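The values are calculated or read from the model by the stated rules, or taken from the named source; none is laboratory data. Everything numeric here is computed off the predicted structure, so don't read it as measured data. Cβ placement follows ideal geometry from the backbone for every residue including glycine, while neighbour counts extend to all protein chains displayed. When the accessible area is computed, the model is the full protein with side chains, heavy atoms only, and any ligands, DNA or RNA have been set aside. Shrake-Rupley method; radii C 1.70, N 1.55, O 1.52, S 1.80 Å.
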Amino acid sequence: MASFVWLFKLLTGVSPVSLLMTQSYVCFFTLLGVGAAVVSGLQPLGSESRQVLQLDGLWSFRLDSSPDRNDGFKQTWYKRPLSETGPVMDMPVPSSYNDLMQTPTDRDFVGWAWYERRFRPPIACHARRARLHFASVHYYAIVWLDGLEIATHEGGHLPFEADISSILFQAKGRELRLTVAANNTLTPNTIPPGRIIYMNDTSQYPPGYFVQEVDFDFFNYAGIDRPVSIICSSQVYVEDILVTTNFSASVGFVFYNISIAGGTVTSIFVGLRDPKGRHVAGDAVLPDHICLPSFHSTLSPHGLIKVPNVSLWWPVGMNTTPGLLYTLEVLVCGFDGEKDVVRLQFGIRTVRVVGSRLLLNDHEIYLHGLGRHEDADLRGRGYDAVTMAKDASLLSWLGANAFRTSHYPYAEQTLDMADRQGILVISEAPAVGLVTVDNFGKRSLEQHMTTLRELINRDRNHPSVIMWSLANEPASNLQVAESYFRQVIAEAHRLDGTRPVTVVLNKGVSVDRVAQYLDVVSVNAYFGWYHDSGHPELIGRQLGHMLSAWYTKHHHPVILMEYGAGSVAGLHSLPSVMFSEEYHLEVMRQHFPVFDEKRKDFLVGEMLWNLVDFNTPQGVKRMAGNRKGLFTRNRQPKMAAFLLRDRYVRLNNASAHPLIPWCLGN
């Protein structure tokens, strides 16, 4: 292909996806059995029939720092070892590469970053279905295997896959070279959007000098941020599973829909195990089950399982045993006796909006949690189990029962942990910074829709996810935003009718055009910080008026999705001043009485911003990042953390539910 056009297309806002391969090129890939970027809702987990090869570790890495960022394509770096193209360095995968660089130019690099990893596929994968799985590459990715392009994907934070069965079969155990080019360029039509600004005054800037500008307040980390793996399964395999649940009295209902690909199925077995691992319904799927070619089951790939004496999934603070999970076991058999076994954990629960209330399992739920970021020193946004576990521990210590995946989908392992621990999650699309008319065009809408489908497809089976947030702080006052979000909200409802939908707003209630279409009205407001800075005494009056105005106009439940202040750990002042720890406390205290009053009528959540200090682009308003965290970036508490812990523990004690016996489970 004419690869030199890739960067031009990205910088000008025209999607690289629009550069479709020629028909003969597509046919060539089809004959080889190589798939384009397809997305399954299932995680790459092993079983007795599936083998997962992790490709994490140190990869070869280099930036394409050429003036047009295009040498990698002109010189076809993907056709030879990356070390032969110039100097390379070791780069850990998963991680963001930015904070591992030694110069500001490389840390803030915009353009193509190149990765390479060599591996030998296991013999067990040679004659089986093999899929290469990327959990996240930010923002745009092109993938080659031994110089053959096998996948492209636009949008960070979400997974994509490529079928590499034929390549592995032909390799017959020889070493393969995996190459990835990742580009973090954001344009007015990407999700999230950004823009490239060329500095044309050659008296001030060198020729061709440009900068990336964004309208969001966090660092645009880039690279292969999450794990890479190869999933080897039978030729006939379970491609996806959708589970929806309900209950009536003590009986639970599990509706399942199984997607199967790769060939003809002779039999399907579906069973259910309870939170203690006991088989309670359906077929018994045993590790030594033998698929008989002549046996045909009558079981459909979709159906209903009734669960007597159901143990419902509850969040912390509403049950003595939160986070109870069932396991759906699926076994499919092919004509030649091969089998594929998949196990999916899920919770049985319902969530809905009734009037001004948010109900979980028909009980009122009040969210008291925080906004967060996937952000840590050195790792950037890269997946790190240690950081994930520490942040979960901080949430538990605070007594929080909820968090939002601000402002993008988080690693699925984070949702797994929330499922087990009983933490409520508002899963947010990466649509942050939609603030100009250019951000609401046809191309933006198409990418927003694609991203939304990928998000819901990935997260829909997680019981912890109780709400979809479709964007953060868009220009909802613009006329074009109304039509845009009406379509996005309708698509979210079409994709998932079991969860409420919200958009996090920051425009005034009198000018907003989007809230009318929402199930839950979510608002960000920083009284005493961005509004009337230095005057916390005004917070009670201003906050109460604003919250009531939103409810009076729309009569939907309201969540204050962001509020708070910044503080520098160890900075003290009496009387308090902005950025001191005392001022942080004062701002928070002024909010609490208003929350207690409004939750009696329509307020269903309070979400402090932010759990931890995080990195941002450099600027005169940011001193080494955003300091609104309750904890420093290395996860040490400020005074504000103890204040919020005191409030959340009291909220948990006050809202402990006297649930009827069957709710407690066995």
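Assuming a ≥ b ≥ c are the square roots of the Cα gyration tensor eigenvalues, decide whether the stretch 196-273 counts as rounded (a/c under 1.5), prolate (otherwise, with a/b larger than b/c) or oblate.
prolate
Using the crude model of +1 on Lys and Arg Cβ and -1 on Asp and Glu Cβ, and no other charge, please compute the dipole size for the stretch 284-413 relative to its Cα centre, in debye to 20.
Charge dipole, the stretch 284-413, about its Cα centre: 500 debye, nearest 20.
Please list the equivalent ellipsoid semi-axes of the stretch 323-384, computed as the square roots of five times the alpha-carbon gyration tensor eigenvalues, in descending order and whole angstrom.
35, 27, 9
Could I have the simple spin-label model distance between D56 and N246, label points 7 Å from Cα toward Cβ, reported in nm to one decimal?
4.0
What span do the alpha-carbon atoms of the stretch 99-183 cover on each of the three principal axes, reported in whole Å from largest to smallest?
46, 23, 18
For the stretch 403-445, what mean projected area does the convex hull of the alpha carbons give, in nm²?
It is 3.5 nm².
Within the stretch 48-138, list the chymotrypsin sites (Phe, Trp or Tyr not before Pro) lying in a DSSP loop whose Cβ has at most 14 other Cβ atoms in a 10 Å radius.
Passing sites in the stretch 48-138 do not exist.
Could you compute how fast the stretch 382-477 diffuses translationally, taking Rh as the Kirkwood radius over C-alpha pairs and applying Stokes-Einstein at 10 °C with viscosity 1.306 mPa s? Give it in µm² per second.
D, rounded to a whole number, is 110 µm²/s.
Need one number: nm distance between label points at R589 and R278, each 7 Å from Cα along Cα→Cβ, rounded to one decimal.
Result: 5.2 nm between the two label points.
Suppose we keep just the alpha-carbon trace of the stretch 153-229; what are its Rg and Dmax in angstrom?
Here Rg and the maximum Cα pair distance are 18.6, 59 Å.
So what's Rg/Rh here for the stretch 478-632, counting alpha carbon atoms and using the Kirkwood radius for Rh?
Checking Rg against Rh, the ratio lands at 1.01.
Enumerate the calculated ³J(HN,Hα) couplings along the stretch 209-217 in order (Karplus 6.51 cos²θ - 1.76 cosθ + 1.60, θ = phi - 60°), each rounded to whole Hz, writing x wherever the residue is Gly or Pro.
5, 9, 10, 9, 10, 9, 10, 9, 9
Could you report the accessible area of I305 in Å², rounded to 10, computed with a 1.4 Å probe on the protein chains as they sit in the structure?
Counting only protein heavy atoms, the figure is 10 Å².
For the stretch 240-259 and the stretch 570-598, what is the separation of their C-alpha centers, rounded to whole Å?
Here the answer is 45 Å between Cα centres.
How far apart, in nanometres, would the label points at R118 and D438 be if each is projected 7 angstrom from Cα along the Cα-to-Cβ direction?
4.4
Using only the Cα atoms of the stretch 241-386, what do you get for the radius of gyration and for Dmax, in Å?
19.3, 57
How much length, in nm to one decimal, is gained on full extension between K74 and L378, taken as 0.36 nm per residue of separation minus their Cα-Cα distance?
106.3 nm
In what sequence, highest mean first, do 471-483, 79-91 appear when ranked by Cβ atoms within 10 angstrom?
471-483, 79-91
Quick check on the stretch 585-624: take the gyration tensor over C-alpha atoms, sort the square-rooted eigenvalues as a ≥ b ≥ c, and tell me if it's rounded (a/c under 1.5), prolate or oblate.
Note, shape of the stretch 585-624 comes out prolate.
Short version: what are the Cα gyration tensor semi-axes of the chain, square root of 5 times each eigenvalue, largest first, in whole Å?
Semi-axes, largest first: 39, 35, 21 Å.
Which entries of K553/K598; K507/K553; K390/K628; K553/K600; K442/K553; K390/K638 show an alpha-carbon separation above 20 angstrom in the structure shown?
K442/K553
Between the stretch 191-237 and the stretch 611-658, how far is it from one alpha carbon centroid to the other, in angstrom?
After rounding, the separation between the Cα centres reads 28 Å.
Please say if the stretch 64-115 is rounded, prolate or oblate, where rounded means a/c under 1.5 for a ≥ b ≥ c the square roots of the C-alpha gyration tensor eigenvalues, and otherwise the choice is prolate for a/b larger than b/c and oblate otherwise?
Since a/c reaches 1.5 but b/c is at least a/b, the shape of the stretch 64-115 is classed as oblate.
Give the relative contact order (percent, whole number) for the chain; include only Cα pairs under 8 Å separated by 6+ residues.
12
Please compute one quarter of the surface area of the Cα convex hull for the stretch 447-536 and express it in square nanometres.
Projected area, direction-averaged: 6.9 nm².
For the chain, give me the percentage of DSSP beta bridges that are antiparallel, rounded to the nearest 5 percent.
The answer is about 75 percent antiparallel.
Please report the orientation-averaged projected area of the stretch 491-573, defined via the convex hull of its C-alpha atoms, in nm².
In nm², the orientation-averaged hull projection of the stretch 491-573 is 7.4.
When you have a sec, figure out the Kirkwood radius of the stretch 119-266 from all distinct Cα pair distances and drop it here in Å to one decimal?
Result for the stretch 119-266 stands at 19.0 Å.
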